[in-house]
Amino acid sequence: MYGTSQNPGQTAGLFDNVKSELIRYFQHLAQRVERHALAVPEEKFWHRPFAFGNSLGHLVLHLTGNLNHYIGAGIAGTGYVRNRQLEFTDPNRYPRDEVLQRFREAVDLVVRTIESMDETAMLRPVTFPDRHPILTQFGLLVVCAAHMNNHIGQMAWLVQALGSHTGEPPVW
């Protein structure tokens, strides 16, 4: 059985550390998303500075949908039904605070989900058939964090192209 070792205390310490590091990293990433979203004036939140790509607003909608789909519906069983295409094409220009509030709620759901997981839950197979090579719920959490980090990089370019800056030093 996973987690069985000569010193069970070491395994419990490692598992608890993995959970707290995942939570801390998702919260760190969420703060960076907010910092980027708030770095531009409200009227530029939905502006696309390039002929290709997305606005900051659509990227926040996309990250919210991604977390609600994979972690909310996929792990926590919320029943969330995703419309991925609309995350990038929604013609509504919701107030930035409303979009960020929905994003915060998705991140809070992620944190509560991780907090509720034991080792068995972390190692439970992913039920999404199209997510290979990811096999476990732990792997899905890692991929969702990496996905968020990827879009933060895009947000950094958008903020700069929109004539603003976050004031944050380069962060890996």
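The values are calculated or read from the model by the stated rules, or taken from the named source; none is laboratory data. Remember, predicted model here, so these are calculated numbers, not experimental data. Note that each Cβ is placed from the backbone with ideal geometry, even for glycine, and that neighbours are counted across all protein chains shown.
Key figures for this structure:
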| quantity | calculated |
| --- | --- |
| Top-ranked residue of segment 1-27 - restricted to ones that are at pLDDT 95 or above and hydroxyl-bearing (Ser, Thr, Tyr), ranked as surrounded by the fewest Cβ atoms within 10 Å (Cβ to Cβ) | Ser20 |
| Residue within segment 121-129 that is modelled with pLDDT of 95 or more, buried (at least 19 other Cβ atoms within 10 Å of the Cβ), under 28 Å from Ser20 (Cα atoms) and touching a strand residue (DSSP E or B) at 6+ places or on another chain (Cβ under 7 Å) present | yes |
| Selection from segment 62-116 of residues that are among the hydrophobic types (A, V, I, L, M, F, W, C), surrounded by 16 or more Cβ atoms within 10 Å (Cβ to Cβ) and within 21 Å of Gln154 (Cα to Cα) | Leu63, Leu67, Val99, Leu100, Phe103, Ala106, Val107 |
| Residue count, segment 72-124 (criterion: in contact with a Gly (Cβ under 9 Å, 6 or more places away or on another chain) and basic (Lys, Arg)) | 4 |
| From the options Gln160, Gln154, residue that is without any contact (Cβ under 8 Å) to a residue 40 or more places away in the chain and either part of a helix (DSSP H, G or I) or within 17 Å of Val33 (Cβ to Cβ) (or both) | Gln160 |
| Filtered residues of segment 20-43 (kept if assigned to a helix (DSSP H, G or I) and small (Gly, Ala, Ser)) | Ser20, Ala30, Ala37 |
